[in-house]
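Engineer: What follows is a structure written as structure tokens; I'll ask about it next.
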């Protein structure tokens, strides 16, 4: 009997039973999409405020004022959702908590190295985790730090014009450390750093979703991912 015939007659390996698991809770999904949409609006309006590319026509046209209002209103929505996500780092399920973003365990650090090797083409398959893989989690920690920089510098620039005593209690310390001119440049340049992250984030999410076959892309809408039963038991039992 030929090798091909032997392969055809060989019994198929049993398929692994997949478990539908609720991973991303609604605060995580809402925060994800509102932060993303807010960032788009803030980037467009912020770029205009930095370098106006529309010319006002007529006495009734007040483009800069309207753009500034949209920017500031969106910024406060952004801050509210950012605080919601920070709160959920301590109140959410195990895949939403802060421990997913900081590689405090030995296995997380090893998985971080493994995932880095995957992106450097030194490893064939990505690290499969129910929540964020450790490299993604560590990257998101940096991203949230940059978002905080945007919030603080934005509030400092806002209060530089508003002169609110209440807001000043929380933010007037920053212009004492860094001049307003440099705060504006920092605020502007961090925007481009975050934009570069968004591009990579979309690419890596699609790539890992295809490789992992866990419903990663759909999970950010539904909250559910799919994993083999033994994988779920193994990871849910971790402390």
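The values are calculated or read from the model by the stated rules, or taken from the named source; none is laboratory data. Source: prediction; values computed, not measured. Neighbour counts are summed over all protein chains in view; Cβ atoms, including those assigned to glycine, are modelled from backbone coordinates with ideal geometry.
Engineer: As an exercise: evaluate residue 185 against (1) surrounded by 16 or more Cβ atoms within 10 Å (Cβ to Cβ); (2) under 25 Å from residue 158 (Cα atoms) and give the number of the one condition it does not meet.
Structural biologist: (1)
Engineer: Out of 168, 131, 154, report the one residue that is farther than 18 Å from residue 206 by Cα and touching a residue at least 60 places away in the same chain (Cβ under 8 Å).
Structural biologist: On the way: 168 fails: touching a residue at least 60 places away in the same chain (Cβ under 8 Å); 131 fails: farther than 18 Å from residue 206 by Cα.
Of 168, 131, 154, the one residue that is farther than 18 Å from residue 206 by Cα and touching a residue at least 60 places away in the same chain (Cβ under 8 Å) is 154.
Engineer: Of the conditions (1) crowded, with 17+ Cβ neighbours inside 10 Å; (2) closer than 19 Å to residue 157 by Cα, residue 214 clears all except one; give me its number.
Structural biologist: It fails just one condition, (2).
Engineer: Let me ask another. Residue under question is residue 135, and the condition is that it be touching a helix residue (DSSP H, G or I) at 6+ places or on another chain (Cβ under 9 Å), surrounded by fewer than 19 Cβ atoms within 10 Å (Cβ to Cβ) and under 19 Å from residue 23 (Cβ atoms); does it hold? First the steps, then the outcome.
Structural biologist: Working: touching a helix residue (DSSP H, G or I) at 6+ places or on another chain (Cβ under 9 Å): yes; surrounded by fewer than 19 Cβ atoms within 10 Å (Cβ to Cβ): no; under 19 Å from residue 23 (Cβ atoms): yes.
Answer is no for this residue.
Engineer: Could you figure out which of (1) modelled with pLDDT under 95; (2) within 30 Å of residue 46 (Cα to Cα) isn't true of residue 108?
Structural biologist: Checking residue 108 against (1) modelled with pLDDT under 95; (2) within 30 Å of residue 46 (Cα to Cα), the one that fails is (2).
Engineer: Right, here's the next one. Between a residue in the range 190-212 that is over 15 Å from residue 42 (Cα atoms) and any residue that is surrounded by 15 or more Cβ atoms within 10 Å (Cβ to Cβ) and modelled with pLDDT of 90 or more, which pairs come within a Cβ distance under 6 Å, given they are 6 or more apart or on different chains?
Structural biologist: Within 6 Å, the pairs are 197/143.
Engineer: If you don't mind, another one. Which of the helices (runs of 4 or more DSSP H) found entirely inside the range 126-239 contain at least 2 residues meeting this: closer than 26 Å to residue 25 by Cα and either modelled with pLDDT under 90 or within 15 Å of the chain's Cα centre (by Cα) (or both)?
Structural biologist: Details: elements: 134-162, 165-171, 173-177, 180-212, 216-222, 229-236.
So the answer is 134-162, 180-212, 216-222, 229-236.
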